[in-house]
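Working notes for the structure below.
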Amino acid sequence: MTLDHTALPPVLHGGSATDSLDEEVNSNVFNLAVEVAESSDDKIPTLLLKLKEILQGPPLGSKELQKLKEDIYYYDLIQYCILVLRQDYYNIPGRWSTAVELAEIVSTACVDLDPKEDAEEFYNKVLPSAADNLMLLARRLQARFLKAVEDDSKQDFLRYFDNVTNSLCWLLSGHIQLIQHVFQSDSLLKLLLTDDVETGAIMVSVLLGILQVNRTVLFSVEEKHIRIILDELIYKLFATSNPVIGSTSIKVMLLMVESHSPTLKILCTSYKGLCPFLKKQWTGRGFDEDLSQLLEHLYSRSTQGISQQKFYRAACLIQAAWRAYQTRKRVKYLPKVVTTLQRSFRAKREREMLRLEKLREEEELKHQLELRRHQALREFRQRQLGLMEIIPASEMKKYLQEERSRSAQLIQKVWLGRRQRKAFNEQKPALKEFRAAVIIQRAVLKFLNKRRNLRLSITPWQGPKDLTDTRRLELRAKVDAYVKLHPVAQVSEERTNERHSQAQEMLGQYLMRRNLQRKSEQQQEALLAHINTDIELLMNAPSLKEATEQDTVVFNSRSVPVATRARQSHNTMLQFTRGPWWKKLGDEFQDPEMIYTQDMDFDLVL
């Protein structure tokens, strides 16, 4: 931050003006102003600390102190102090303690100061700027207190924060008109909106001090700011059990209710459950007098409070009666309940015993089956040994080979059966799709045949044949006689033209719909022809082993069935070549590079 050194009046720049003011101006203030004007920005905070010793010289309330403060303001030293409060004091000697001392100097120098010259600038610019910078400094100290890890540093920041807030309260007590500006400031709300107990208690105390200094400030504050403050106070009462915060918050709310009637209305309308909570949570904490006064104001404002109390007592009475009735009923039916409980317990125990008995029987059955299996295996081996004793030694090798062959055939039979069942299960969806496609094709062909037969059965009207002049005259006479018997009302020419135009319009609409229908029928016929062509190609397609380059030309299309067949055939070939050795036990006399035809060729359904 760069300070404006040219803001000092011309008296600092030497000459005859200096000689004329030496008697009126304090020499210490003058020398300090000269040093500040000629120093760099990082040295200005430590130089301004000399104002503390200068202000301690004259007694409180004396004319000398008033004159000294006017001189300090005249030489812009107060403005310098206000500006340097916004600096970062990490690299300043003394760090944040220097900032706290400067805050005390600002509040001390501004209290009881009434400059005769530039009074409007002092009240409209300097004092609001001083309050804003003090709150900004307090926010920085609060943030560093929350981030501090060591206990010593936390206590130091908490002490600094308390001193800065005291300086702000001292400044507001000296200039009451500044309270409205501070009360509507966002910085005060941000300081108040904290979950920390210690800094929150300090800020609630600051709020109480501000309202004690000027109670009428609430009438000049917007309702939204009052609602935000009430929300935070009630949140603190709900969220914490600290008696300091509770006592101070109750006092602040009581002061706001007594001095500002709209606040009482807001509490009664927006916080309907506040009275029972305050009575239940904060009674007997050492500030019952203030709490009872606040509750009395809330209950007196709204008759709903009294009705709520009556409703609460009635609810308690009903609940007590209901609990007593339930207890008597439970005691009366206790023997029946015990009997039912015992019966259910015995039934559950019997079911558990049956379940355990069933498990034992299953285990016993498994054990018996295992024993029988071992016995059968032992008998089989004994019979084998008996046969081996009977067989001559020269025939033993042949017998062992036959046994080995029969065992291998049995293993192959089991494995091939399993593989075929697996392949059949994999082909089930394809078979379902094939049957569905056949059903759809059959239905479509049946529908198309019906349409074709219907068209052939309708022949155009060709008129009567062999109509002679005599027959024509007879028909004409019949028509005239019918017209005489059934006369028709006369229709005007305009009505006739109108009906003609309507008939022409209906005829045009019919022709248009017929054209659209013919186009859709043509598209359906083309799609069916395309499907039949693809089916015929796939049915007549050779296997991949027998396919030649000429056969691939037929399938060089983007048809979905062709692409699907090629992908499935390729996947089958990859599965066969990469399969484990035990999947090829039955193919030991076959070339490993060859692939089964039944694995490669299968029907593909659209």
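The values are calculated or read from the model by the stated rules, or taken from the named source; none is laboratory data. Here the structure is a predicted model, which is why all the values come from computation and not from measurement. Virtual Cβ from ideal backbone geometry, glycine too; neighbours counted across all protein chains shown. In case anyone asks, the SASA skips ligands and DNA or RNA and just uses the protein heavy atoms, side chains included. Shrake-Rupley method; radii C 1.70, N 1.55, O 1.52, S 1.80 Å.
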note = Given backbone amide H placed at 1.01 Å from N, residues whose amide H is under 5 Å from that of Ile391, ignoring those fewer than 5 places away on the same chain, are none
key: Under Karplus coefficients 6.51, -1.76 and 1.60, residue-wise ³J(HN,Hα) of region 79-91 in Hz, glycine/proline x   = 4, 5, 4, 5, 5, 6, 5, 7, 6, 8, 8, 5, 9
ask   = Which is farthest toward the positive dipole end of the chain among Ile92, Leu387, Leu208, measuring Cα position about the Cα centre, with Cβ charges +1 (Lys, Arg) and -1 (Asp, Glu)?
value = Leu387
note = Only helices counted: for the chain, with every DSSP H run of 4 or more residues adding -39500 (n - 2.57) and the sum spread over all residues, [θ] at 222 nm is -25000 deg cm²/dmol
note = For Lys358, counting only lysines whose alpha-carbon sits under 27 Å away and dropping same-chain residues fewer than eight positions off, the answer is Lys348, Lys366
task = Send over the per residue convex hull volume for region 204-269, Cα only, as a whole number of Å³.
result = 76 Å³
Compactness of region 35-97 - radius of gyration and Dmax, Cα, Å = 12.9, 38
request  = Pop out the ³J(HN,Hα) list for region 52-58 in order, Karplus 6.51 cos²θ - 1.76 cosθ + 1.60 with θ = phi - 60°, rounded to Hz; leave Gly and Pro as x.
outcome  = 5, 5, 5, 6, 7, x, x
request  = May I have the extent of the alpha carbons of region 29-140 along their three principal axes, as whole Å values ordered from largest to smallest?
outcome  = 38, 28, 25
ask   = Once the Cα atoms of helix 303-332 and of the chain are each reduced to a long axis, what angle between those two axes, in degrees from 0 to 90 to the nearest 10, is obtained?
value = 50 degrees
task = When you have a sec, figure out the Kirkwood radius of region 431-532 from all distinct Cα pair distances and drop it here in Å to one decimal?
result = 19.7 Å
ask   = Helix 27-38 sits at what angle to the longest principal axis of the chain, using alpha carbons and giving 0 to 90 degrees rounded to 10?
value = 30 degrees
query = How big is Rg to Rh over region 207-328, alpha-carbon atoms, Rh as the Kirkwood inverse-mean-distance radius?
reply = 1.07
remark   = Partner lysines whose C-alpha sits under 17 Å from that of Lys125, ignoring same-chain residues fewer than 8 away, are Lys116
query = Per-residue accessible area for Lys272 at 1.4 Å probe radius, Å² rounded to 10?
reply = 120 Å²
query = For Lys147, which lysines qualify as cross-link partners when the Cα separation must be under 17 Å and same-chain residues fewer than eight apart are set aside?
reply = Lys190
message = Students often get this wrong: which residues of region 138-167 have the backbone nitrogen under 19 Å from the point 7 angstrom along Cα-to-C-beta of Lys190?
response = 138-148, 158, 161-162, 164-166
inquiry  = Before I look further, what does region 462-553 give for accessible area per residue, probe 1.4 Å, in whole square angstrom?
reply    = 92 Å²
ask   = Stretched out fully, how many nm does the piece from Leu136 to Thr533 gain, at 0.36 nm a residue minus the Cα gap?
value = 134.4 nm
ask   = How big is the gap, in Å, between the Cα center of region 314-375 and the Cα center of region 138-170?
value = 65 Å
remark   = Scoring only Lys, Arg, Asp and Glu (+1, +1, -1, -1) among other residues with Cβ under 13 Å from the Cβ of Arg349 yields +2
query = Can you give the three extents of the C-alpha atoms in region 130-181 along their principal axes, from longest to shortest, in whole Å?
reply = 40, 14, 12
task = For region 176-188, just list the computed ³J(HN,Hα) in residue order, Karplus coefficients 6.51, -1.76 and 1.60, θ = phi - 60°, integers in Hz, with x standing in for Gly and Pro.
result = 5, 5, 7, 5, 4, 4, 5, 5, 8, 7, 5, 5, 5
query = Using the alpha-carbon atoms, what tilt in degrees (0 to 90, nearest 10) does helix 96-110 show relative to the longest principal axis of the chain?
reply = 50 degrees
request  = Calculate what fraction, in whole %, of the accessible area of the chain sits on carbon and sulfur atoms when a 1.4 Å probe is rolled over the protein chains.
outcome  = 56 percent
key: For region 100-224, convex hull of alpha carbons as volume per residue, Å³   = 98 Å³
key: Label point distance in nm, Asn497-Ala314, each placed 7 Å from Cα along Cα→Cβ   = 8.4 nm
note = One computes Rg over Rh for the chain from alpha-carbon atoms, with the Kirkwood Rh, and obtains 1.35
key: At 1.306 mPa s and 10 °C, Stokes diffusion of region 83-168 via Kirkwood alpha-carbon radius, µm² per second   = 116 µm²/s
note = Of all stretches in the chain that avoid GluC sites (Glu not before Pro) placed in a DSSP loop and having at most 13 other Cβ atoms within 10 Å, the longest is 223-545
Mean separation of Cα contacts under 8 Å (6+ apart) over length of the chain, as relative contact order % = 7 percent
message = Using amide H atoms built in the peptide plane, which far-off residues or other-chain residues are under 5 Å from Leu85 H to H?
response = none
Convex hull volume per residue in cubic angstrom - Cα atoms of region 376-511 = 368 Å³
ask   = Where the only charges are on Cβ atoms (+1 Lys, Arg; -1 Asp, Glu), what is the dipole of region 344-435 about its Cα centre, to the nearest 20 debye?
value = 520 debye
